[in-house]
Amino acid sequence: MYAFEYSRAASVDEAAKQVAAGGQVLAGGQTLIATMKQRLAAPGRLVDLGRISGLTGIKKDAQGLTIGAMTTHAAVAASAEVQAAIPALADLAGQIGDRQVRARGTLGGSLANNDPAACYPSAVLALGGTVITNKREIAADDFFQGMYATALEADELITAVRFPVPKRAAYVKFKQAASRFALVGVFVADTGQGVRVAVTGAAQSGVFRHAGLEAALTASFEPGAVDAVAMDASDLNQDIHASAAYRAHIIKVVTARAVAKAAA
């Protein structure tokens, strides 16, 4: 690593000021520390959010399920409240990385990083979640803006995420064996007013909704409904792990499995 300064912010306002002055947020560190070790990132100052009160926790109210940004994947997976309200979200959290990653990685860190193969963005987008920051609330459809890009401003920090409770939902991930990231991951959510389908891992631009799958599943929430949906491979990843055509095929397979899982 390169030399850097380290500070523990005592409040969200203090952290925001330090970030605006050029600091780099440190949440769970599961991506940042690795990239620093590889010398792919060299921030001059790390601003640790770990001791700021109010950034962890899970609560259920009339608006849905609200989860603090510094809540770990392990805590989401183990939460009785999440398992009762949105079991698909707990299931997703339990599939992220390995135990060490789940014990340190955080919801807010994952969303702010917006890795194109990360799991959490698909849940936020499919469920129609709201990203809450120290400045405003951002709808999921406006938050994700491409590979590693979000709507967050330079001094804006995620403080929590609010998830509406769906009628039924499920997440299925076709893993890349070595990294355990999604080669293709699909989160399907039947909201009661329609079906939302979010795909991660398949496109270089990151997580996206698929209008064709949503229309087919809104009309008929059955695994077979995906069969007639046309899948354009032109914007999908093609790399050493899979061709674009293969990813297009896997999207339909994984979506059908997610529908069957949600219906069960």
Tell me whether the stretch 121-181 comes out rounded, prolate or oblate; compute the Cα gyration tensor, take square roots of the eigenvalues as a ≥ b ≥ c, and use a/c under 1.5 as the rounded threshold. oblate
Max mean-square fluctuation residue, GNM over the chain, Cα-Cα springs under 10 Å, options I86, I52, I67: I52
Helix 244-263 vs. the chain, principal-axis angle (Cα, 0 to 90°, nearest 10): 80
Pairs of lysines 8 or more apart, or on different chains, with alpha carbons under 24 Å: count those in the chain, would you? 13
Highest GNM mean-square fluctuation among A27, A244, A182, for the chain with Cα springs under 10 Å, belongs to A244
If you take the charge dipole of the chain about its Cα centre, with +1 on Lys and Arg Cβ and -1 on Asp and Glu Cβ, which of Q193, L89, I158 is farthest toward its positive end? L89
Quickly estimate the mean residue ellipticity at 222 nm for the chain, helices only: each DSSP H run with n ≥ 4 gives -39500 (n - 2.57), and the total goes over all residues, rounded to 500. -9000 deg cm²/dmol
FRET efficiency estimate (nearest 0.05) - Cβ-Cβ, D13 to A139, R0 30 angstrom: 0.80
Placing +1 at every Lys and Arg Cβ and -1 at every Asp and Glu Cβ, with all other atoms neutral, what dipole size does the stretch 123-264 have around its Cα centre, in debye to the nearest 20? 560
Positive-end extreme of charge dipole, the stretch 5-48 - chosen from S7, T35, V25 (charges on Cβ): T35
Per-residue counts of other Cβ atoms within 10 Å, averaged by peptide: what ranking do you get for 136-144, 252-260, highest first? 252-260, 136-144
What does the net charge come to around A182 if you take all other residues with beta carbon closer than 9 Å to its beta carbon, with K and R at +1 and D and E at -1? +3
For the stretch 191-212 and the stretch 215-264, what is the separation of their Cα centres, given in Å? 10
Calculate how many DSSP beta bridges within the chain are antiparallel, expressed in % of all such bridges and rounded to the nearest 5. 80
Expressed as a whole-number percentage, the relative contact order of the chain with C-alpha contacts under 8 angstrom and at least six residues apart is 15
GNM flexibility winner over the chain from A62, A126, A242 (Cα, springs under 10 Å): A62
Compare the peptides 163-174, 13-24 by average per-residue count of other Cβ atoms within 10 angstrom and give them in order, highest first. 163-174, 13-24
With the crude spin-label approximation of a point 7 Å out along Cα→Cβ, what separation in nm comes out for S220 versus A149? 3.9
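All of the numbers you see were taken from the coordinates with simple rules; none came from a lab. Please read all numbers here as calculations on a predicted model, not as lab measurements. Every residue, glycine among them, receives a Cβ derived from its backbone with ideal geometry; neighbour counts consider all protein chains shown.
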